[in-house]
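The values are calculated or read from the model by the stated rules, or taken from the named source; none is laboratory data. Quick caveat, the model's predicted, so the values are computed rather than measured. As a convention, Cβ positions derive from the backbone with ideal geometry for all residues, glycine included, and neighbour counts pool all protein chains shown. Areas reflect the complete protein model, heavy atoms only, side chains present, ligands, DNA and RNA absent. Shrake-Rupley method; radii C 1.70, N 1.55, O 1.52, S 1.80 Å.
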Amino acid sequence: MILTHENYHSKEANIEYMGVSQYKSFRKCEADTMHWLTTGNQEDTDALMVGKYVHKWSEGPEAFEQFKADNSGYIYNKKGEPYKSFIKADEMINCLKSDDKVKFYLQGSKEVILTAELFGTPWKIMIDVDNDKLNYLLDLKTTKSISEWGWVWSPDESRNIKVPFIEEWQYLIQAAVYSEVERIARDRDKPKDFYMIAVSKEKIPDHAIIDLTDPVRMEAELLKIKENLPHILKVKSGEIEPARCEHCDYCRSTKKVDKIIHYTELREAW
Ligand SMILES: [Zn+2]
């Protein structure tokens, strides 16, 4: 299957290829992931649409206008006014627009699709900005906040710890996979640098250009993927029954009580 911008997010593409969001989704809840992989139903959440909106702006005026026309029912109310989240999205775009450094780093090829085999399975990536001249890949991210830290479960310390948004949302997994797939697909010795332009959804949007280049961490992230992948691929092929996390929307919506639990067994959900 040859990937295009039209079929990149399709059910068929997700079945044939592994991707970063699919991998992260399998790690979070196998049952939910198998549900959306087999039905092809992955809801367009508001956050996802706002992200797409800001991305389309970065691609250029033509792509942006086309996106707005294709999704007018989602963006505008009956009076033709944008809904609250898209008024916010426009503020985020204005924040990025008014910074020359951001405009400089957004230069390059946009939405570049590449594939490569990694740990015995084909992967697909779509790079927001690929700059050959300055040798970097760049990802554009919309986020709740750049400076607020979030809680995540630390298996090493067996407790919740507070981490920056980059760790909370596991963006180093994306940096590692994108860098490695691009390196293999283009047959280069060393991966390109990996940057992120982040813009926040706060009342007054914050923004930053963040360097995620870290060869040691990249190697560690790829090693973890290598270890987790054989199990994930067995679940994906139907060889192993998918495990339920019992916390996500899908698990809650399909939950049947199988035993009474004692009140001391109640655990905090992540
Ligand atoms: Zn679940």
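A few comments on the model shown:
- Percent breakdown of C-alpha pair distances by 5 Å bin, ordered from the shortest bin, for the range 109-254: 2, 8, 14, 17, 18, 17, 14, 7, 2, 0, 0
- Between Lys190 and Ala208, the simple label model (points 7 Å from Cα in the Cβ direction) yields a spacing of 2.5 nm.
- Extension reserve of the Val216-Asn135 stretch, reckoned as 0.36 nm per residue once the Cα distance is removed: 27.3 nm
- The three principal axes of the Cα atoms in the range 1-137 give end-to-end lengths of 45, 43, 26 Å, sorted in falling order.
- Heavy atoms of Tyr178: accessible area, 1.4 Å probe, square angstrom to 10: 20
- Accessible-area composition of the range 109-254, carbon plus sulfur, in percent [1.4 Å probe]: 50
- Entry comment: accessible area of the chain is 60 Å² per residue, from protein heavy atoms only and a probe of 1.4 Å.
- Label sites at Gln66 and Ser98, each approximated as a point 7 angstrom past Cα along Cα to Cβ, lie 3.0 nm apart.
- Diffusion coefficient (Stokes-Einstein, Kirkwood radius over C-alpha pairs, 20 °C, 1.002 mPa s) for the chain: 105 µm²/s, rounded to a whole number.
- Centre separation in Å (Cα based) which lies between the range 22-59 and the range 208-270: 15
- GNM result for the chain, Cα springs below 10 Å: residue of Lys259, Lys162, Lys97 fluctuating most strongly: Lys259
- Candidates Glu117, Glu59, Glu157: whichever shows maximal mean-square fluctuation once the chain is modelled as a Gaussian network with Cα springs under 10 Å: Glu157
- Quotient of C-alpha Rg and 2.2 N^0.38 Å, computed over the range 13-69: 1.38
- Restraint check, Lys68/Lys141; Lys28/Lys236; Lys56/Lys101; Lys133/Lys201; Lys78/Lys144; Lys52/Lys97, Cα-Cα greater than 22 Å: Lys133/Lys201; Lys78/Lys144
- Fraction of antiparallel bridges per DSSP, the chain only, in percent to nearest 5: 70
- With the simple spin-label model, which puts each label point 7 Å out from Cα in the Cβ direction, the Leu223 to Ile87 separation comes to 5.1 nm.
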